[in-house]
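Encoded as structure tokens, the structure appears first; notes follow it.
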Amino acid sequence: MMLAVTAWLGAMPGFMTPLLLAALGLLLCERAGILNLGVEGVMALGAMVGAAASLGGFGPGQAMGLGALAGLAVSVPFMVAVIVFRAPQIPAGLALAAIALGASAALGRGAAHMPFAGLAVLGWFDELEGVPVIGRMMQQDGMVWLALILAAALGLWLARSRGGLRLRAVGEDPATADASGVDIQLYQLGAVAAGSLLIGLAGAYLSVGGSNIWTEGMVAGRGWIALALVVFAQWSPLRAIFGAALFGGAEALIPRLQAMGVEVPVYLLSMLPYALTIAVLVLMAFSKRARQAEPGFLGRAYIRQDR
Amino acid sequence: MTKPVQTVAPALPGAPSALRIFGASKRFGDHLVLDGVDFDLAAGEVHALLGENGAGKSTLMNILSGIYTADAGRIEIEGAAVSIAGPSAAVALGIGMVHQHFKLVQPFTGRENLHLAAAGLPLVPRRAVVEEQIAAVVKRSALDVNLDVPVARLSVAEQQRIEILKALLLGARILVLDEPTAVLTDAEADRLLALVRDLAAQGHAIIFITHKLREVLAAGDRVSVLRRGRMVLASHAVEDVTRDDLSRAMIGDQETTQRRRSGSTPGPVLLEVTGLGVRDGGAAYVSDAGLSLRAGEIHGLAGVGGNGQRELAEAILGLRAATGQVALEGRDLTGLSVAARRRLGLRYVPADRSADALAPNVSLAENLAATLVRTGALGRRMVWPSRVRQHAAAMVQSYGIAGATGGGRRPVRLLSGGNAQKVVLARELDRDARLIIAHSPTRGLDVAACAYVHERLLEAVARGAGVLLISEDLEEVLALSDRISVISRGRIATTPDGRPDRAQIGELMLGHA
Amino acid sequence: MLETVTLERRQGAGAVRAALTYAGALALGLALSLAVLVAAGVPTGALFNELVVQVFLSPAGLARTVTMATPMMLGALAAALCLRLKFWNIGIEGQLWLGAICATAVALYDIGGPLRLPLMMVAAMAGGALWILPSALLKMWLGVSEVIVTLLMSNIAFLLLQHLLFGPFRDPTFNFPTSPVFGEAEKLARFGWGDVNGGLVLALVAVALAALALGRLRYGYAARFVGDNPKAALALGFPAGRVLLLSILAGGAMAGLAGGVIVAGTEYRLTQAVGLNMTFNGIVIAALARNAPGWIPLVALFIAGLYVAGASLKVFYGVSEGIVLIAQGIILLVLVTAQFVTTYRVRLARGVVA
């Protein structure tokens, strides 16, 4: 039992990291008032590009960087559509998802089902190896730590910096932000660009950091879970860490339970993260505080005439 | 065109001029909203600006804050001619606006809002510098308000103080307060007036826009009155004018108010509201409200907006859960749906047409026919579009709805305010209407459209229906009502005879009676 | 950014401007899609033959296209019926899978005797409606975003599908995870024209009924009011909640029926590949048809044509089927972006140009 818990906790950060990165990316978009339903496709493209770059001889860090850049590149038409031309965000986001999914399938055929060397575990905490439970949990690759640092930094930036204040104002009340001289579109472009990089990175981590192989459809709804995770986190990066740990933990539980011989059919067990996500959304709906955390202008188009 | 001759009282002796406007004009389409307006404001002065809705006050202030540019005229600030190209230019010139609707990010704290506003300064200062400036402004203005809780949790008066702080932080020397007391309680208003006097004493020049003569007399140094785009009373010292002068200047030479209706024979009791209460979350919108209304009668319900009018109307219609009892022609309405209440003859003309009465993107014809379609009067299962259009054509003709081209196929949002209101009236004032709840039925309409709405309501009453006229416009209430009640903080009160006069209404509004 | 221009909302765009915008967007979207195809290695000269002749003009090709379009019409209805009430049904695949599962269950467990086939279709609709019900109720009662819930319900439905295909429904005689093949009484009739089958009749009847309900029944008027302004609809006494729920359930039922039509009309068994991409197809078709049922069959034929062409391009030029998804994405993105022209008016900012 102890062994299983140790193994579970050791595996959890790996499941948690892509969710956290994607959630942080979405959080940035949503704080600027932009709902990005392209997330599932952008992650898929990031995963494919990360794998293809790894197979093409790039190091894991470079491969993930390229995955992130691919995420940004494919999102540019979406950004122009919803920010400059105020296109409705839901269908535009779905279109982005389709384009990115299609691109990952079309461009990635040569890279499918070919294993490669992925991200290695950092050696920093080797001496802790023997410590029960925690020791195994500390054996992670650099991206796990980087994602946590990013979350903390983003949380600090949003809460404390002038830029963060303005970004929050843009998503909350663009008319007031505009009246204060904040360039709404510039902030939105910046936020969605940074967000797309993070979402692409999240996808790249799935292949380069996680499975070390790329297959079509490997994102498997994680983008949608990240979308719900942002609601769960009440648009706060620090809470997103807990949310990602919860959902990642649920995901990590599935192979453990199987290994322990729990008599639940595997596909029904795999529903756990999705069902958990819906349950959490329902719980959040009861919290007034959570409802108020949603950026007031999320999903709507602002033009100055409305001021 | 000659301007009304007025003697201009000098500003405070020796005070430098803060702002001068010469001959400002502004035209929207065919409508001349401002017609050669002059205005004069001195440093250290509180200059009250009066005028009815639509007199041109907001247009003048929008020109000052850079939202509009004047078609003609000249503006001088502290003696120098300026052009105000946009909102940021206005801020740079030291003009600060405190709007009726606050421009605050609600989930942000007051401090965050001030920091956000400071981003609009030409040379964006560092965070610590802004902090210092906030502290300095707070100290200087003696404005005390908690800056570290979300604005949404503050009272309206506190939010208003943050708005004033914001203007001061941005270096405003000229402060424009747009009907600042409309949303305040009496005690809060008094406090604000004292604050305004303090700010003036510190050398700020203040334009104080209001409806209330009491405030002009209490806090103003000079007073000007706008009527239909012209300055009919320019910069008089407050000591030299009487209440009468001011109300005559605002309303014009026609007789002020005379009750048009009196002595009609009231029919049987139509509506009986007893002990009505509406709560939502922690807030009580309506408490223990009682009201009765007879057939063939207009019962006016006066009161400052936001005192529970909307909630009362929605509770009577069945849109909101309420405690207490509402009876229509002796029949208890408790538990009945909106549709059932409408079947009994209840009708509703809400204050906000486009939000609560019309489907803006649905065609004019379907908006007109909505209730008939719902009740099955145009066909039990199938509703042929031709019948809907026929009905619409008849209504368009009998109500004179303009802009209804193409057989009423165009979406109703393309109609003007007056015509949209006619659509609502055409639908709600049908033959079967027994009780019509009309909430601010003339808000935002021009004079002709107002008269039309009043005529139609009087017609309905003549047919034996009853009208509950909820209005913030006292003149409207006085002119149309057989009986008058006043709603204040969710409570309804009136005089024993049910016919309070203007002064009594004023007292009831303040909750004194 | 873009400080030199200001935007104003248009009061109403003229019919001509709206039509030109739509046509222009469609043309631009198609042109970009063709450019992608050429970039992917399809010779320019072959485009007309592959995309028009083989898909719409040859009898066999047209039959393939019509067969492909049949469930798409139902999927588009699933999107459009919900979207008319501003409910984003992004879980069409999930409802479709449930429909397919329920229809298959009726067939596999030999339920219904002589009424087997109709019962399969009814079960399919019930399954789809059931699967959309939680998102509808959560939205109406608690205001939970239907966007996320319908998406997640699709993921759950897919896992359920896999569970059944690897477990209770699995055909043990076959290597792949599929159900056993249906009997003759469980198949929709074919008309002797390719794979075109009775499902087409069902889809066209559904389209006609939807058009009738929205255009002529009292329900349609109520739906327009509730969709445009629920507050006003309530104040007028329309049963807004019932209308909303009915529309959403009808949408789910249409998606479920699409699943039933696929298994009983073309596949004759349940597989993992049933209804793939149908959520996106449905939303694209509904968007192109502007949620008007009457336009759905035509638009569905167009999108189905893309898929049929994509399948043959894959064989002849080695072009990935992902290209079809890209083309649809481009067309949708251009279309929604083009709404800018009908929604806003661009003016040069004050002071920049006199």
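Inspection of the range C:315-332 identifies at least one residue that is assigned to a helix (DSSP H, G or I), more than 14 Å from chain A (Cβ to nearest Cβ) and not small (Gly, Ala, Ser). If residue B:393 satisfies every condition in (1) part of a loop (DSSP other than H, G, I, E, B); (2) over 23 Å from the mean Cα position of the chain (by Cα); (3) among the small types (Gly, Ala, Ser) but one, which is the exception? That leaves (1) as the condition not met. Can you pull out the residues in the range B:372-383 that are part of a helix (DSSP H, G or I) and buried (at least 20 other Cβ atoms within 10 Å of the Cβ)? Once the filter is applied, which keeps residues that are part of a helix (DSSP H, G or I) and buried (at least 20 other Cβ atoms within 10 Å of the Cβ), the range B:372-383 yields B:373, B:374.
For residue C:279, the conditions (1) more than 25 Å from residue A:101 (Cβ to Cβ); (2) crowded, with 22+ Cβ neighbours inside 10 Å all hold with the exception of (1).
Candidates in the range C:221-245 are the residues that are surrounded by fewer than 20 Cβ atoms within 10 Å (Cβ to Cβ) and more than 7 Å from every other protein chain (Cβ to nearest Cβ); of these, the one that is farthest from residue C:128 (Cα to Cα) is C:230. The set of residues from the range C:104-133 being over 29 Å from residue C:184 (Cβ atoms) and surrounded by fewer than 17 Cβ atoms within 10 Å (Cβ to Cβ) comprises just one member, C:133. Count, please, the residues in the range A:51-78 that happen to be surrounded by 24 or more Cβ atoms within 10 Å (Cβ to Cβ) and out of contact with any Leu (no Cβ under 7 Å at 6 or more places or on another chain). The number of residues fulfilling the criteria is 4. For the range B:343-359, the set of residues classified as facing chain C (nearest Cβ under 7 Å) and either part of a loop (DSSP other than H, G, I, E, B) or on the phi > 0 side of the Ramachandran plot (or both) consists of B:350, B:357, B:358, B:359, listed by residue number.
Cβ-Cβ distances below 8 Å connect the following pairs, each with a first residue in the range B:155-183 that is over 29 Å from residue B:79 (Cα atoms) and without any contact (Cβ under 8 Å) to a residue 40 or more places away in the chain, a second residue that is small (Gly, Ala, Ser) and crowded, with 19+ Cβ neighbours inside 10 Å, and a separation of six or more residues or different chains: B:181/B:189. For the range A:265-295, the candidate set comprises residues that are facing another protein chain (nearest Cβ under 7 Å) and in a loop (DSSP other than H, G, I, E, B); within that set, the residue that is farthest from residue A:166 (Cα to Cα) is A:265.
Taking the criterion of being surrounded by fewer than 16 Cβ atoms within 10 Å (Cβ to Cβ) and within 14 Å of chain C (Cβ to nearest Cβ), the residues of the range B:321-338 that qualify are B:321, B:337. Counting the residues of the range B:200-220 that are surrounded by 23 or more Cβ atoms within 10 Å (Cβ to Cβ) and polar (S, T, N, Q) gives 1. Only one entry of C:36, C:16, C:53 meets the criterion of being out of contact with any helix residue (DSSP H, G or I) (no Cβ under 9 Å at 6 or more places or on another chain) and either closer than 22 Å to residue A:103 by Cα or not aromatic (Phe, Trp, Tyr) (or both), and that entry is C:16. Counting only strands (runs of 3 or more DSSP E) that fall entirely inside the range B:16-77 and contain at least 3 residues that are surrounded by fewer than 16 Cβ atoms within 10 Å (Cβ to Cβ), the qualifying elements are B:17-28, B:72-77. Listed by first and then second residue, the pairs with beta-carbon distance under 6 Å, at least 6 apart or on different chains, first residue in the range A:114-129 and surrounded by 12 or more Cβ atoms within 10 Å (Cβ to Cβ), second β-branched (Val, Ile, Thr) and part of a loop (DSSP other than H, G, I, E, B), are A:115/A:213.
Residue A:178 falls short on exactly one of the conditions (1) in a helix (DSSP H, G or I); (2) within 13 Å of another protein chain (Cβ to nearest Cβ); (3) without any contact (Cβ under 8 Å) to a residue 12 or more places away in the chain, and that condition is (3).
If you go through the range A:1-36 and keep only what is under 12 Å from the mean Cα position of the chain (by Cα) and outside any helix (DSSP H, G or I), you end up with just A:36. Taking the condition of being farther than 11 Å from residue C:100 by Cβ and surrounded by fewer than 22 Cβ atoms within 10 Å (Cβ to Cβ), how many residues in the range C:246-272 meet it? So the answer is 4.
Among the conditions (1) under 16 Å from the mean Cα position of the chain (by Cα); (2) within 14 Å of chain A (Cβ to nearest Cβ); (3) part of a helix (DSSP H, G or I), the only one that residue C:87 does not satisfy is (3). Is it fair to say residue C:268 is hydroxyl-bearing (Ser, Thr, Tyr) and either without any contact (Cβ under 8 Å) to a residue 40 or more places away in the chain or within 9 Å of another protein chain (Cβ to nearest Cβ) (or both)? No. Can you say whether residue A:152 is in contact (Cβ under 8 Å) with a residue 24 or more places away in the chain, surrounded by fewer than 17 Cβ atoms within 10 Å (Cβ to Cβ) and more than 23 Å from residue A:80 (Cβ to Cβ), as far as the supplied structure shows? Criteria met by residue A:152. Under the condition of being away from chain C (no Cβ under 12 Å) and either in contact with an Asp or Glu (Cβ under 9 Å, 6 or more places away or on another chain) or crowded, with 18+ Cβ neighbours inside 10 Å (or both), the residues counted in the range B:384-419 number 12.
All of the numbers you see were taken from the coordinates with simple rules; none came from a lab. Everything quoted here is computed from the prediction, not taken from an experiment. So basically every Cβ, Gly included, is an ideal-geometry build from the backbone, and we count neighbours across all protein chains shown.
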